[in-house]
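Heads up, the thing below is written out as structure tokens.
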Amino acid sequence: MNYIVFDLEWNQCPYGKERENDKLPFEIIEIGAIKLNEQFEAVESFQCLVQPMVYKKLHYRTQDIIGLSMKELETGIPFYRAIREFLKWCGEDRVFCTWGSMDLLELQRNMKYYGVLNHLPGPVRYLDVQKLFGLCFEDVHLHRSLEYGVDFLQIEKQEGFHRALADAHYTAQILKRIDPHIREVYYSVDTYQNPKKREDELELSFETYDKYISREFSTKEEAMHDREVISTRCIYCGRRARKKVRWFSINAKQYYCLANCPEHGLIKGKIRMKKSEDGNFYVVKTIKPIDEEQAQMIREKKTMVKKRRKASRAKEA
């Protein structure tokens, strides 16, 4: 197995959101990657410029950040060739690794735009090195910058940032320093290609929580009436946990509940409602054991929601 640590640079519409191609808000203009073996030793590198086809002018921020000109980018190769060469270089037995979740998302979005998404079936499991860095060194998932991670670990800065191959190199250096147990246990799943049918749904178990990714539903209400979606099972024994506070929404995208396992205690349920590109809805649910203090916070959230809704009804009346 090889670990493919990659980074992308992309351009966006230089003329503002109103003239943006809504199917491709970010156009990839450079791919850089480092291939690590199972001992996390660098064995190969990959780099290519991608010829812009959608946005023929660089956004001023893009030009400032990456330091490339449109003339240089025009010497690159078309995306459909670049992605084919990149995936061939990656090989079949691979694990993608990125700093944060955006690169894998935009890679798939660009592939879909050019009609080649079938070459990377999803949902895609990968290592989010940004998340692993937080879990390993700061005991929390904060969205730290790549340069922050490099400085924190005192990694020598041989190159500047915001070029694809250089950023892939720094990300690989951080990945090598992550505790092996954390690397193995806390993988991520990208849901740009979300499950479509019940048999494709994902049930994932981690050390401290369980995650469930549902199939698509036509409405949020349909999703929240599905028995599997609203179920709460103990992550330790698998038994159904009785609801103490039933599912409630704090906004259009997030739902919470509180349940109790007779053997293992209190459990928090959290649902994030996601919208697929074709307008349907799917659910990402996490189930996590909590203590009484955290349980009280959920009860208080529910009380605040009830008060807010009551005040809104009174105002309308």
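Worth pointing out:
- Summing charges over all other residues whose Cβ lies under 12 Å from the Cβ of K315, with Lys and Arg as +1 and Asp and Glu as -1, gives +3.
- Diffusion coefficient (Stokes-Einstein, Kirkwood radius over C-alpha pairs, 25 °C, 0.890 mPa s) for region 207-309: 175 µm²/s, rounded to a whole number.
- Heavy-atom surface of the chain, accessible at 1.4 Å and reported per residue (Å²): 54 Å²
- The aspartates and glutamates within cross-link reach of K23, meaning a Cα-to-Cα straight distance under 17 Å and a gap of 8 or more places when in the same chain, are D103, E106, E277, D278.
- Cross-link reach is defined here as a Cα-Cα straight distance under 19 Å, omitting same-chain residues fewer than 8 places apart; for K35 the lysines meeting it are K88, K176.
- Here the ratio of the Cα radius of gyration of the chain to 2.2 N^0.38 Å is 1.12.
- Pairs of Cα atoms nearer than 8 Å and 6+ residues apart set the relative contact order; for the chain it is 13 percent.
- Selection from V283, C257, I235, by position along the positive dipole direction of region 190-317 (Cβ): C257
- log₁₀ of I(q)/I(0) at q = 0.10, 0.22 Å⁻¹ - region 1-101, Debye sum with one point per alpha carbon: -0.32, -1.13
- The charge dipole of region 215-316, taken about the Cα centre with unit charges on the Cβ atoms of Lys, Arg (+1) and Asp, Glu (-1), comes to about 480 debye, rounded to the nearest 20.
- Once C-alpha pairs closer than 8 Å and six or more residues apart are averaged by separation and normalised to the residue number of region 139-285, the relative contact order reads 16 percent.
- One quarter of the convex hull surface built on the alpha carbon atoms of region 171-226 amounts to 5.5 nm², the projected area averaged over directions.
- Value of [θ]222 nm, deg cm²/dmol, for the chain, DSSP H segments ≥ 4, -39500 (n - 2.57) each, nearest 500: -9000 deg cm²/dmol
- A DSSP coil position with no more than 11 other Cβ atoms inside 10 Å describes the following GluC sites (Glu not before Pro) in region 265-317: E277.
- Taking all protein chains as they are arranged and a probe of 1.4 Å, the heavy atoms of W10 leave approximately 60 Å² accessible to solvent.
- Computed across region 98-208, the Kirkwood radius stands at 15.5 Å (inverse of mean 1/r, all Cα pairs).
- Under the convention that each Lys and Arg Cβ holds +1 and each Asp and Glu Cβ holds -1, the size of the dipole of region 146-273 around its Cα centre is about 780 debye.
- Only Lys, Arg (+1) and Asp, Glu (-1) charged, at Cβ; the chain dipole about Cα centre in debye: 2280 debye
The values are calculated or read from the model by the stated rules, or taken from the named source; none is laboratory data. Because the structure is a prediction, the values reported are computed rather than measured. We place every Cβ from the backbone using ideal geometry, glycine too, and count neighbours over all the protein chains shown. Calculation scope for accessible area: heavy atoms of the full protein, side chains included, ligands and nucleic acids excluded. Shrake-Rupley method; radii C 1.70, N 1.55, O 1.52, S 1.80 Å.
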